[in-house]
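Colleague: Structure below; questions to follow.
The values are calculated or read from the model by the stated rules, or taken from the named source; none is laboratory data. Predicted model only: the values in this text are computed from it and were never measured. We place every Cβ from the backbone using ideal geometry, glycine too, and count neighbours over all the protein chains shown.
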Amino acid sequence: MTALRAVLILAIIVTMAMTPALVRVSGVSALMSLPAYAATMTPALAAPAMGPRHPEKDDNKKHENTNDNHGNENGNSNSNGNGNGNGNGNGNSNDNSDGGSSSPPPPPRQAAPPPQPACSTPGQDLTVTSSDGRISVRIFASTSKSIRLTIRRPIDPASVPPVPGQKVDDLLFQLVAEECNGGPIPTLPSEANLGVHYTDGDVGSLNESNFKLSQLDSSANQWRIVQKQANDPANNFVSATITDLGYYVVHQP
């Protein structure tokens, strides 16, 4: 093989001496690639060119690659950790923001005021009745002024002088009136009819034939029996003709 190689080299040199420069350059390139060609022809000769294997170095390279992979994994882990940390931070921030900006509770609902009673009209009768239907005031058509009358109850018994005798149930109330186009009035412009109903349970041990309607005289601060009144025990009813306003009570003297 060495002799063949020497012959080939000599032939190339002679050829180059006889050819132009461009051919010589190609020959040189071929000469330079000859060892590789020879290496492919003989595997035994090609093996030394690759050099001996060093298992220790290969293992070191594997360890380096493994370390690099671990480094990449740590980098990814750190990156993901940071991402997750930011995500949790944003979640906490949003929760705090939502909690701080929550709407205040709605205000408590207020009870609607009771409707005002209608105004009377001269020439027409009008009956005003309490919410429980037990007390009524009839304003006659002969009343010259248009008025609005209100029946107020319940009344705190401590706010008035003690009732003489025995009060019937809680039949203590107040009559208040005003002109529909003006302010309050102290007395009715004309007579009206006051009627009060009671139940058999309200009677108890009392004698309903003796039931009376009394009005509180504000000037003397004492109760006075209404003069024009009638008692109807059969219908559990007591009535009176009045012009005075203020506090009234049903009682047994």
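Colleague: How many residues, within the stretch 123-143, are modelled with pLDDT under 95 and either surrounded by 14 or more Cβ atoms within 10 Å (Cβ to Cβ) or under 16 Å from Asp244 (Cα atoms) (or both)?
Modeller: So the answer is 1.
Colleague: Tell me, yes or no, whether the stretch 226-233 has at least one residue that is over 17 Å from Ser136 (Cβ atoms) and over 51 Å from the mean Cα position of the chain (by Cα).
Modeller: Within the stretch 226-233, one or more residues are over 17 Å from Ser136 (Cβ atoms) and over 51 Å from the mean Cα position of the chain (by Cα).
Colleague: Please go through the stretch 181-232 and give me each residue that is among the charged types (D, E, K, R) and within 28 Å of Ser146 (Cβ to Cβ), ordered by number.
Modeller: Glu191, Asp217, Lys228
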